[in-house]
Amino acid sequence: MLVIFACAMAACTSPWQEVPLGREDFQPTASVQPVAYVEQVSNPGPYPHLMEDTPMVDGPDLKGQGAQAPSVAHITGETGEIKGAQQTLDEALEFCRASQDYWGQGNFENAIASLDEAYHLILEVRPKEDSKLIQQKEDIRFMICKRMLEIYTSQHTVANGNHHAIPMIMNRHIERQIKRFKGAERRSFVDALKRSGRYRPEIVEALKDAGLPTELSWLPLIESGFKVKALSRARALGLWQFIPSTGYKFGLKRDQWIDERMDVRKSTQAAVAYLQELHKIFGDWCTVLAAYNCGEARVLRVIRSQNINYLDNFWDLYDRLPRETASYVPRFLAALHIINDPQAWGFDLKSLEAPIAYDLVPVSVQLRLKDIAGVLDMPERTLERLNPELRHKVTPPRTYELKVPKGQKTILTAKLEEIPIYTPPRRYYAYHVVRQGDTLSRLASRYRTTVGALMKANNLRKEDYIKVGQRLKMPMTGGGLVSARAGGATGYDASKAIRYRVKRGDSLWLLARRYDTNIKEIMRLNNLKSPRLHVGQKLVIYEGSRGEDAQEGTKTYRVKTGDSPFQIAMEHRMKLERFLSLNDLTPRSKIYPGQVFLVD
């Protein structure tokens, strides 16, 4: 175990030495081609790479058709197709998530094994010159190191700097961006500034607490125009424009129900942590901003390619960086010049929107925002704006801190029993063999579905690409509301609450075992940002909050050629850790065609 830990720490230094963690029998795997996760919609204007209020869609059916070579988590197949780089990185992310789940349960052996598998997978990716894949690979590599440190830190009791200001210079590059803000982009710039009033006070407080320059609170103006659902071509989402791998690296969860990149509070905490890390690497704020835009790996490569020693000056790198990144930093500095003296540049910035004040209400069952808004006698849109991370306007099937307008917490708590619990629709499939004259539009009408749903269910790339004799899945939905009420939706039985003072020798792992709960639940209940404890610290622990019967609501699944645990879990919308623990598997287990497993 210590050898694995040492290898992971070594992987956090540059240059990387790509050696699998504890794996001498490493063999490359093969699988299917990558599938896009989110829809892309163009949006013209001064922020052409963004779109506002884009509805999130469910992740694709990741079920692969190609076979895989032998490895710890894959089945031997016959086709030997090369696995798409993006899907390999997605699978590595899922193993990182499984590691976090195992860690929360105190299962350190499988937590480390999951990180081992994740590291093994990213070594298969050869992104060449694709900067997006390179950045995702580096993010996951750093994440593995960070998770490894958390695992070891949580087993020990531990008792628990300042940054320079951003240089306000003026040059021709900055003057060019000021002219753009005063000219063609004036309307969009002013609108973004007005929206900033909703979120900046909370962002400023987070930056002050971290000792970072408060000027960085204007970074979302350049990143997203202060649109919480802004989406870029590179799948970057939210105020701070995190791509999935960087977001997960800094603790932002993403699943069927939520995407925390759109959670203003949590994404701001992640952005602060990312900016702190970048400042430790570069020490110069202009270079930090460039790395935030295109990734630290890209900037470090540019620095290493210089013929002279790096002079800690962004402008030495300006001509060598991608055009978008090179203009990104002057664009931010231009915005700061205007904001610091708006009258000098012909702007009036007094009419900012009011900050959003809210209370947090813990809800542990699935409720629709529409039903919650009904009992609070307010528009559903109000709750949507407070909780943009809810992808389907429904709270997730676990404890979730719902944001409600200030002063509404007591009312909602009192009326929770009046709200019907939401049961998500279960997707069922009929099968149809294509006949002469069939088209997707006719089949969609016949089976009361949509062409998009048919294409997604059958992994079709083109609308007209079906042939006679082809067997298609026809998605059919069902489900809805049940008659049960929210009842105890605020959380656990108060009689089981324990107020505990940390003693010498305590650790989160020991406390989780002693009170039949898990590490993540203790951290969530006590708002712990780190697994480190100190003597005398006060904690609230709910005894016996480990969870319900793991096998409730399951069915059987027979393994087919080409299957892997990751693919089976994704097909049934399960966490990888859930599938493994449900079937007494570990991240290193092999599965074979014909085996029968439990799935949700």
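Computed from the coordinates by the stated procedures, all read-outs in this text should not be read as laboratory data. These numbers were taken from a predicted model, which means no experiment stands behind them. Cβ coordinates were reconstructed from backbone atoms using ideal geometry, including for glycine residues, and neighbour counts include every protein chain displayed.
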> Taking the Cα centre of each part, how many Å lie between segment 260-308 and segment 558-573?
Replying inline: 36 Å
>> Under 18 Å between alpha carbons, and skipping anything fewer than 8 positions from LYS128 in its own chain: which lysines qualify?
In response: LYS83, LYS137
> Among the lysines, which have Cα under 22 Å from the Cα of LYS179 when same-chain residues fewer than 8 positions away are ignored?
Replying inline: LYS194, LYS350
>> Sequence gap at least 6, Cα distance under 8 Å: using those rules, report the relative contact order of segment 172-345 to the nearest whole percent.
In response: 21 percent
> Cross-link list LYS229/LYS370; LYS229/LYS249; LYS266/LYS403; LYS249/LYS590: which exceed 22 angstrom alpha carbon to alpha carbon?
Replying inline: LYS249/LYS590
> Going by average Cβ neighbours within 10 Å, how do the peptides 230-237, 115-122, 211-218, 139-146 rank, with the highest at the top?
Replying inline: 115-122, 139-146, 230-237, 211-218
> Simple spin-label model, 7 Å along Cα-to-Cβ: VAL190 to ARG471 in nm?
Replying inline: 6.2 nm
> Among all the lysines, which ones have a C-alpha under 20 Å from LYS538's C-alpha, if same-chain residues fewer than 8 places away are not counted?
Replying inline: LYS496, LYS503, LYS520, LYS529
